[in-house]
Every structure is written in C-alpha cells, then in structure tokens.
Amino acid sequence: MKEIYTLPSLPYDYGALEPYIDALTMEIHHTKHHQGYVDKLNKALSEYPSLQDKPLVELLAGLEVLPTPIQTAIRNQGGGHYNHSFFWKIMKKNGGGVPQGLVGNAIQVEFGSFEAFKERFNTAAQTVFGSGWAWLCVNGQGRLKIVTTANQDSPVMNGMAPLVGLDVWEHAYYLQYQNRRPTYIEAWWHVINWQAVEENFDYVQGSL
Ligand code: MN3
C-alpha cells in the first residue's frame, strides 16, 4: 500500500516529558495509536488517487463533499493523524510557564488573565465526556475560543484554527494517571511549548 501519509518523528525523545508524561505512554501513543491513524488513513485513501494529493486540512474542512464510503474514515483517522501531529509539536521538555508575546496578550484580552484562561480550559478538558480533545482556537472572526471535540474531530472541521490542543483520551494518560484526568491535565501545563503556540498564532494571524 502506498504511504501517502507517514508517522512524523517526535521533536524530542519518549522520556523528554517526564515526570509529567511517562515515556511508555508517549511511545505507545506515538508508535501504536498515531501509527494506527496513519495506516487506516492511507488505507481509506488508497482507492481515491484524486484525494491523495490534497492537503489533509482541506479534506477535514470539507468532509461533506468527500465520497460517502470514506467520510467516516477520513473524519476519524484523518482527524487522528492531524490532531496528533499537532499535539506533539505543542509540547516540549522544560515547557510550561506563562505565555508571553502576542498570544499571551491575546489570552489576557479574551479571558481576563492567564489564570482565568487556564481554569476555563481545565474545566473544558475535564468535562469532555468519553474520548476527545480540548482546544484553544482562533475562530473565523479572529477571536480566541476554548472548544472541545469528541473522538478525533478537529476544530479545522469547523473552520477554526487550533493554537493549543490537549488529548484527553484515556490512552493519553491512563498508564500513569489511571482515572485521574484532572491530575494529568494539571501536569500537562508543565510541558506545553508556548513558543510553538506563539508560532501557531503568528501563522493564523498571517492567514486571516
Ligand atoms: Mn491520542
């Protein structure tokens, strides 16, 4: 089968995010879960050569115009590949802290303070029922919004550009935190890569 999409390498090693996210979770998440989305996405696209060269974000933003037999696969597997590729990049070793620069300023303007933003984001992430994601996005009007998505749905399916995304599927934390999702969320703030978030924001601003 043609490798249309491939698993991206992580920009750090599996143990880099310890003690906040353990190496085994990172390795399984990357080599099993993310690889699975890539493989199934490639399989879904294998009989649709005309879709193979389209940017993934374009497929996700226009699910309703895709051939019916592969809509669900592109949504779930394509969404999974897109979301995880995004997720790895907004984390780093020795991350955390308070966002500076334009994105830090935009967060203050929209939410009042970084602490108020964090509290609202945490509540959103904690209350995702079942599997899904919490996001900080820029919406079509250029405003910052906290949203959640179910399963592997992505904000790009709704015309929003993600700046921050947090995977709250159990596979993202269960080995280390079991059922304690709030503890995982609190730990995760120590590995967020605000520089990458700032780059996402710059990119979105440039394309508005
Ligand atoms: Mn995941």
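Can you tell me the length gained on complete extension of the stretch Ala116 to Arg143, counting 0.36 nm per residue apart and subtracting the Cα distance?
Numbers: separation 27, 0.36 × 27 = 9.72 nm, distance 1.64 nm.
Gain in length upon complete extension: 8.1 nm.
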request  = List the relative contact order of segment 59-188 as a percent without decimals, with contacts defined as Cα pairs under 8 Å and 6+ residues apart.
outcome  = 25 percent
inquiry  = How charged is the neighbourhood of Leu10? Take every other residue with its Cβ under 12 Å from the Cβ of Leu10, and add Lys/Arg as +1 and Asp/Glu as -1.
reply    = +1
message = Ranking request for peptides 180-188, 115-123: highest mean number of other beta-carbon atoms within 10 Å first, then the rest in descending order.
response = 180-188, 115-123
ask   = What is the distance, in nm, between label points placed 7 Å from the Cα along the Cα-to-Cβ direction at His171 and at Ile28?
value = 1.0 nm
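Using a 1.4 angstrom probe, figure out how much accessible area the chain has per residue, in square angstrom, rounded to the nearest whole. Walk me through the numbers before you get to the answer.
On the way: 10170 Å² over 208 residues.
Accessible area per residue: 49 Å².
Hey, can you rank 145-153, 74-82 by average C-beta count inside 10 Å, highest first? It would help to have the intermediate numbers written out before the result.
Details: 145-153: 17.7, 74-82: 23.3.
So the order, starting with the most tightly packed, is 74-82, 145-153.
Rounded to the nearest 0.05, what FRET efficiency do Ser207 and Asn179 have when you use their Cβ-Cβ distance and R0 = 30 Å? Don't jump to the answer; show the numbers that get you there.
Working: r = 40 Å, r/R0 = 1.32.
After rounding to 0.05, the efficiency reads 0.15.
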request  = Quote the convex hull volume per residue of the chain, based on C-alpha atoms, as a whole number of Å³.
outcome  = 117 Å³
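Determine the equivalent ellipsoid of segment 4-94 by diagonalising the alpha-carbon gyration tensor, then write out the semi-axes as square roots of 5 times the eigenvalues, largest first, rounded to whole Å. Write out the running numbers ahead of the final one.
Numbers: eigenvalues 164, 28, 21 Å².
Gyration-tensor ellipsoid for segment 4-94: 29, 12, 10 Å.
Strictly greater than 24 Å: what percent of every Cα pair in segment 99-208 meets that?
21 percent
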task = Normalise the Debye intensity by I(0) for segment 7-54, one equal point scatterer per Cα, no solvent, then take log10 at q = 0.14 Å⁻¹ and round to two decimals.
result = -0.46
request  = Quickly estimate the mean residue ellipticity at 222 nm for the chain, helices only: each DSSP H run with n ≥ 4 gives -39500 (n - 2.57), and the total goes over all residues, rounded to 500.
outcome  = -12500 deg cm²/dmol
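Between rounded, prolate and oblate, where does segment 151-198 land on the alpha carbon gyration tensor, with a ≥ b ≥ c its root eigenvalues, rounded for a/c under 1.5, else prolate if a/b exceeds b/c? Can you show the working numbers first?
Details: a/c = 3.40, a/b = 1.41, b/c = 2.40.
Oblate is the answer for segment 151-198, as a/c is 1.5 or above yet b/c matches or exceeds a/b.
The values are calculated or read from the model by the stated rules, or taken from the named source; none is laboratory data. Remember, predicted model here, so these are calculated numbers, not experimental data. Glycine gets a Cβ as well: all are built from the backbone with ideal geometry, and neighbour counts include every protein chain shown. Note: areas computed on protein heavy atoms with side chains; ligands, DNA, RNA excluded. Shrake-Rupley method; radii C 1.70, N 1.55, O 1.52, S 1.80 Å.
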